[in-house]
Amino acid sequence: MKKIIGLVICTLMAFGVEAQSIVGAWENYATAENGDQLKTVVIFTEGYQVLTIYNTTTENFIHTNGGSWSLEGDMLTKKIEFDTVNSERVGTEVSSKVSITETTIEIADSDSKFNRIDNGEPGKLQGAWLMSGRVRDGKTETRDTSRPRKTMKILSGTRFQWIAYNTETKQFMGTGGGTYTTINGVYTESIEFFSKDDSRVGMSLEFNFKLLDGEWIHTGFSSKGDPIHEIWSLRV
């Protein structure tokens, strides 16, 4: 399993294609030495991306890394903001060459091939968001999104992932993700991986949502059953 994970992590340090084509979600499957199936999902939004590997057989979370990205020709540069395998990579930049079609991504000098899940549609919340506030007891508590401690949520057209981390201390606090829908003002998450508690895998959570003056207003109950009223701002 370690060999497979290492190969995927090394070959996926970066991706590069025309910006209008890379936005969306991509997936790859591999088989571990013990027969377990490992799934890698990459989500690209304008300027930000996240890669995650998890075991679909045992439902165990394995690894995630991500941050910002920029493209020049067919070379893409990633600036790492979080990495659960090697925190020393936080703050560094890595470049790599790839080729892409409408349905696949292939990494140069590698056998790895990724298939498109979606192109950023149909979800209304596609993009990278930072938690910018909470409402408690009727009072709004704002959060400075420029500070090192961040909670980011990245969404493609059908996939979501949240990540809590600190770019200054290089600390990783947790992550979770899976698929989502936005129908008639209801945002529904179906959890496929959860770093802190594998028992959350398979849960489906519904929240009310609305977009107001560029902010995502998110209300409902957490996977623990706690009421939440969050404010998210689109990351630029």
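The values are calculated or read from the model by the stated rules, or taken from the named source; none is laboratory data. Source: prediction; values computed, not measured. Cβ atoms come from the backbone with ideal geometry, glycine included; neighbour counts cover every protein chain shown. Please note that ligands, DNA and RNA were not included when accessible areas were found on the heavy atoms of the full protein model with its side chains. Shrake-Rupley method; radii C 1.70, N 1.55, O 1.52, S 1.80 Å.
Could you grab me the full set of residues in segment 67-79 that are part of a strand (DSSP E or B), more than 17 Å from Ile154 (Cβ to Cβ) and not hydrophobic (A, V, I, L, M, F, W, C)? Within segment 67-79, Glu72, Thr77 meet the criteria.
In segment 80-101, the qualifying residues are those that are modelled with pLDDT of 95 or more and part of a strand (DSSP E or B), and the one that is surrounded by the fewest Cβ atoms within 10 Å (Cβ to Cβ) is Glu93.
Per the listing Lys124, Lys153, the residue uniquely in contact with a strand residue (DSSP E or B) (Cβ under 6 Å, 6 or more places away or on another chain) and not in a strand (DSSP E or B) is Lys124.
Name the single residue, out of those in segment 207-228 being farther than 23 Å from Thr175 by Cβ and among the hydrophobic types (A, V, I, L, M, F, W, C), that is nearest to the chain's Cα centre (by Cα).
Among residues in segment 207-228 that are farther than 23 Å from Thr175 by Cβ and among the hydrophobic types (A, V, I, L, M, F, W, C), the one nearest to the chain's Cα centre (by Cα) is Leu211.
Can you tell me which residue is modelled with the lowest pLDDT among those in segment 187-216 that are assigned to a loop (DSSP other than H, G, I, E, B) and either open to solvent by 60 Å² or more (accessible area, probe 1.4 Å) or within 17 Å of Phe160 (Cβ to Cβ) (or both)? Only one residue fits best here, namely Asp213. Annotation note: Cβ proximity below 9 Å between a residue of segment 217-231 that is outside any strand (DSSP E or B) and a residue that is among the β-branched types (Val, Ile, Thr) (sequence gap 6+ or interchain) occurs for Ser222/Ile228; Ser223/Ile191. Every condition in (1) closer than 30 Å to Gly220 by Cα; (2) free of Cβ contacts under 8 Å to residues at least 24 places away in the same chain; (3) surrounded by fewer than 13 Cβ atoms within 10 Å (Cβ to Cβ) is met by Thr140 except one, and the failing one is (2).
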